[in-house]
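Beneath this line is the structure, given in structure tokens, with notes to follow.
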Amino acid sequence: MTLPALQNTSVLYRRVLSQFPQDISLAFAYGSGVFKQNGTSQGQMGKNMLDFVFAVDDPVTWHTMNLMQNRKHYSVLKFLGPRKISRIQDEHGAGVYYNTLVPVDGRIIKYGVISTDSLIDDLLHWKTLYIAGRLHKPVKILVQGENGKMRAALVGNLKSAVTASFLMLPESFSEEDLFLQIAGLSYAGDFRMVIGEDRSKVANIVKENVQHFRILYNNILQECPQVVYKPQQGKLEVDKSPEGQFVQLMALPRTLQQRITRLVDPPGKNRDVEEILLQVAQDPDCGSVVQQGISSIVKSSSITQTAKGIATAGLLKSLSYSTKKLQKMWKGWRMKTP
């Protein structure tokens, strides 16, 4: 379902994880320091920041222990104590608390902490599409507990990414088209794609990692009744009839269905969701409506999480992190300019 850590890097990840409290239900590494991206050499990868997410059952206890072990990782918010830090984590932005530009075992890392319940909720319902969106792309699972709800939610999140992408693609398309659409879901509406991110980011992620995407989505595509999948040719054909699109719309995560409803249903009508989605399924612009719904989720969560990140990282680290992002954006722009 998700990719295990490769042998030649597993020691590095184990060493990093050993620096943190071990009560983690899910830990994964992601980003350009973990997976090669187009235009990045192996040498550059070794210098890139490593990104991690830790899902924990009890954030207050975890932050209590982490403050004892790694107090320097935190900004001035450490003086508020673990209970307040956990409240900031859960109640603002996308439900994740990041410490960034942290030196660990000779590398610079960033790690986000999210409660297990909040992660499962985002995977199933796409409330923020923040961590769920990162898990649409290949990641290296480092720790995974026996939580059956988490396992089901991880698979459900991938199925939702496929379903939403089908609605935005034409009747026939290539594997790469699908993977580009999936990888772009969590960037749709993200204001950082205008300022702060390389605009070629989605293509750079997919181009070097098509095989990783295949491993991630192969079983889902083989078992999906809505699509004819020809893996040998790398081609797919999806049901674009109103009936087929209605089935897909009804399978979307709850928050996305609600956003689509708000876009289509005029205030005061109060029609039920099923009736509205039936109307959208017959609309030639169905894919565009789905895209707008996704963008509205991502836009709000990216803004609030970035604002929270300034507080959790501290001003100096925020400036340093933003400068690096702008440099990457400038580099990507220069590579595309003849």
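The values are calculated or read from the model by the stated rules, or taken from the named source; none is laboratory data. Small disclaimer: the values here were computed from a predicted structure and weren't measured. Every residue, glycine among them, receives a Cβ derived from its backbone with ideal geometry; neighbour counts consider all protein chains shown.
Miscellaneous remarks
- In the set LEU123, LEU167, only one residue is modelled with pLDDT of 95 or more and in contact with a Cys (Cβ under 7 Å, 6 or more places away or on another chain); that residue is LEU167.
- Checking the stated criteria, ALA27 turns out to be among the small types (Gly, Ala, Ser) and at pLDDT 90 or above.
- Of all residues in region 105-149, those being of a type in the set (Phe, Trp, Tyr) and either out of contact with any helix residue (DSSP H, G or I) (no Cβ under 7 Å at 6 or more places or on another chain) or surrounded by fewer than 20 Cβ atoms within 10 Å (Cβ to Cβ) (or both) number 1.
- Note on region 47-64: residues that are assigned to a helix (DSSP H, G or I) and either among the basic types (Lys, Arg) or buried (at least 16 other Cβ atoms within 10 Å of the Cβ) (or both) total 5.
- Test: residue in region 74-96 that is under 21 Å from SER18 (Cβ atoms) and touching a Phe, Trp or Tyr at 6+ places or on another chain (Cβ under 6 Å): no
- Qualifying position, being touching a residue at least 40 places away in the same chain (Cβ under 8 Å), surrounded by fewer than 20 Cβ atoms within 10 Å (Cβ to Cβ) and touching a helix residue (DSSP H, G or I) at 6+ places or on another chain (Cβ under 8 Å), among GLN258, GLN282, GLN248: GLN282
- Selection over region 34-62 of residues that are out of contact with any strand residue (DSSP E or B) (no Cβ under 6 Å at 6 or more places or on another chain) and over 18 Å from VAL16 (Cβ atoms) gives a count of 13.
- Set ILE108, ILE85: member being within 24 Å of VAL34 (Cβ to Cβ), of a type in the set (A, V, I, L, M) and over 20 Å from the mean Cα position of the chain (by Cα): ILE108
- Of all residues making up region 249-263, the number that are over 12 Å from LEU278 (Cα atoms) and not hydroxyl-bearing (Ser, Thr, Tyr): 9
- Taking the criterion of being in contact with a Phe, Trp or Tyr (Cβ under 7 Å, 6 or more places away or on another chain), touching a residue at least 60 places away in the same chain (Cβ under 8 Å) and in a helix (DSSP H, G or I), the only residue of region 213-244 that qualifies is PHE213.
- Test for SER288: is it surrounded by fewer than 15 Cβ atoms within 10 Å (Cβ to Cβ) and either out of contact with any helix residue (DSSP H, G or I) (no Cβ under 6 Å at 6 or more places or on another chain) or part of a helix (DSSP H, G or I) (or both): yes
- Failed item, numbered, when VAL247 is tested on (1) at pLDDT below 95; (2) part of a helix (DSSP H, G or I): (1)
- In region 163-187, of all residues being surrounded by fewer than 22 Cβ atoms within 10 Å (Cβ to Cβ) and hydrophobic (A, V, I, L, M, F, W, C), the one that is nearest to PRO253 (Cα to Cα) corresponds to MET168.
- Number of positions in region 77-89 that are within 26 Å of GLY133 (Cα to Cα) and either crowded, with 16+ Cβ neighbours inside 10 Å or in contact (Cβ under 8 Å) with a residue 60 or more places away in the chain (or both): 4
- Scanning region 8-24 for residues that are polar (S, T, N, Q), at pLDDT 90 or above and either surrounded by fewer than 13 Cβ atoms within 10 Å (Cβ to Cβ) or closer than 15 Å to TYR98 by Cα (or both) gives SER18, GLN22.
- Among the residues making up region 89-134, those that are aliphatic (A, V, I, L, M), closer than 30 Å to LEU249 by Cα and out of contact with any strand residue (DSSP E or B) (no Cβ under 7 Å at 6 or more places or on another chain) are ALA94, ILE120, LEU123, LEU124, LEU129, ALA132.
- Filter result (small (Gly, Ala, Ser), over 18 Å from ASP285 (Cβ atoms) and in a helix (DSSP H, G or I)) within region 156-179: GLY156, SER160, ALA161
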